[in-house]
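Here, each number is a calculation from the coordinates, and none is a lab measurement. Small disclaimer: the values here were computed from a predicted structure and weren't measured. Don't worry about glycine lacking a Cβ; one is built from the backbone with ideal geometry, like all the others, and counts go over all protein chains shown.
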Amino acid sequence: MKFIKGIPEAEYKRIWRENNKDRVLASKKRSYEKNKDSILKANSEYRQENYERRIEIERASRERNRDKNRPSKNARQSVRNRLVSSSKYVIIYKDLKRIYSQPCFNCGSMNNQSLDHRIPLSRGGEHKIGNMLTLCQPCNASKHSKTIMEWKLSKIKKGDD
């Protein structure tokens with residue numbers, strides 16, 4: 001690495017990194033792949049050791065950014081409420097009983113069941129029996145707002161399934 005006279009070493013390195021972003025990225029990727037296990041272990045240990053601190057930081061961040069987060073939260077709730085209230089189909093107890101008597105669509109568990117929409121309400125799905133299925137809470141949380149197909153494909157990519 002050549003240094004330019006009159007420029008501090010740290011400044012020169014910063015400029016070099018800016019001008020060689022692809023090389024820096026490739027180097028970081030190689031380093032991560034080489035040390036993946038130790039990095040993941042260290043991250044996991046850090047999260048466990050600093051759990052309470054992280055909760056406090058997240059809580060403070062939500063409090064500081066309440067005004068920024070409120071419009072998007074209100075918009076999501078508005079869309080969800082509009083979709084649910086516009087549904088002309090009333091789900092009766094018999095339908096819910098049938099859905100909850102089925103095992104988790106993904107893992108087959110009968111514990112901690114929750115109702116899920118195959119096509120999420122936030123993505124235009126309807127609150128009707130044909131769009132509902134049973135998932136256990138962990139599976140439902142990992143599905144988030146994906147469709148069943150997107151969720152299954154993401155699990156295959158990650159190697160979870």
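Structural remarks
- Nearest 10 degrees, 0 to 90: helix 148-158 Cα axis against the chain principal axis: 30 degrees
- The C-alpha atoms of the chain define a longest principal axis, and helix 51-64 lies at about 80 degrees to it.
- One entry in (1) 1, 7, 9, 10, 11, 12, 14, 12, 8, 5, 4, 3, 2, 1, 1, 0, 0; (2) 2, 9, 19, 22, 21, 15, 9, 3, 0, 0; (3) 2, 11, 17, 17, 16, 14, 11, 7, 4, 1, 0, 0 is P(r) over Cα pairs in 5 Å bins from 0, in percent calculated from the shown coordinates; its label is (1).
- Once C-alpha pairs closer than 8 Å and six or more residues apart are averaged by separation and normalised to the residue number of segment 105-161, the relative contact order reads 35 percent.
- Overall form of segment 89-158 per C-alpha gyration tensor (a/c, 1.5; a/b vs b/c): oblate
- Residue pairs, from the table K97/K146; K68/K155; K36/K157; K97/K155; K41/K158; K73/K97, whose Cα atoms sit over 23 Å apart: K97/K146; K68/K155; K97/K155; K73/K97
- As a proxy for reagent exposure, ranking W16, W151 by other Cβ atoms within 10 Å from fewest up yields W16, W151.
- When the chain is treated as a Gaussian network with alpha carbon springs shorter than 10 Å, the biggest mean-square fluctuation among S109, S122, S38 belongs to S38.
- By the rule of a C-alpha distance below 16 Å, with chain neighbours fewer than 8 residues away ignored, the aspartates and glutamates paired with K128 are D95, D116.
- Least to most buried among D116, D37 (fewest other Cβ within 10 Å first): D37, D116
- In segment 9-64, the convex hull through the Cα atoms has an average projected area of 6.3 nm², a quarter of its surface area.
- Ranking of T134, T147 by neighbouring Cβ atoms within 10 Å, starting from the fewest: T147, T134.
- Expected 222 nm ellipticity per residue - DSSP helices of 4 or more, -39500 (n - 2.57), all of the chain, to 500: -19000 deg cm²/dmol
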